[in-house]
1. Given a Förster distance of 35 Å, report the FRET efficiency between Ser65 and Glu114 from their Cβ-Cβ distance, rounded to the nearest 0.05.
2. Multiply the residue gap between Thr105 and Arg82 by 0.36 nm, knock off their C-alpha separation, and tell me the result in nm, one decimal place.
3. Expected output is a single nm value to one decimal: the length gained when fully extending between Ala125 and Asp45, i.e. 0.36 nm times separation in residues minus the C-alpha distance. What is it?
Amino acid sequence: MSEEPSLARRRCLRAAGVALAGGLAGCARSGAVAAPSDDLDFRSDAPCADDFEVVEEAARIELGSQPSVRLRFRNTGEVPIRYEVTVIFEQGTSLGIPARTGRDTLSGRLDPGETVVASATDDAADIENTEFYDVSVSLECLPG
């Protein structure tokens with residue numbers, strides 16, 4: 001679990017925000033990303049962690065509007081997986097320290113072979129100032 005991928009995502013979102021000032025700012029990535037992904041913070045050593053895949057991650061971050069992060073999860077294994085995904089929305093401060101603007105938790109169960117799409121957003125008071133986000137994942141293998 002390294003901070004470098006998170007910082008890369010932040011730089012990407014900030015660069016897009018500057019390049020598209022006044023327009024839609026965001027970074028979207030799609031394609032197969034096997035878990036544990038370099039871009040996600042997995043807090044589980046569960047044996048089924050290799051079977052949990054994030055196959056799509058897309059974000060819409062625009063200053064002045066409500067941010068949204070869409071994630072598509074897939075269970076490629078033989079046992080059900082319980083997941084809890086936390087998305088934390090943040091903004092930069094004048095001191096260069098990220099400040100939380102909101103958060104959303106997505107949780108559920110994936111049966112073997114199942115794919116689920118979930119969207120994270122928040123309506124907190126400061127949410128329209130969001131510039132970037134972080135995603136962390138916690139997994140639990142369930143008895144078949």
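1. Details: r = 32 Å, r/R0 = 0.91.
Efficiency for this residue pair is about 0.65.
2. On the way: separation 23, 0.36 × 23 = 8.28 nm, distance 1.32 nm.
Fully extending the segment from Thr105 to Arg82 adds 7.0 nm.
3. Numbers: separation 80, 0.36 × 80 = 28.80 nm, distance 3.56 nm.
Gain in length upon complete extension: 25.2 nm.
No lab work stands behind these numbers, since they all come straight from the coordinates. None of these values were measured; they are calculated from a predicted model. Methodologically, a virtual Cβ is constructed for each residue, glycine included, from the backbone with ideal geometry; neighbour enumeration extends over all protein chains shown.
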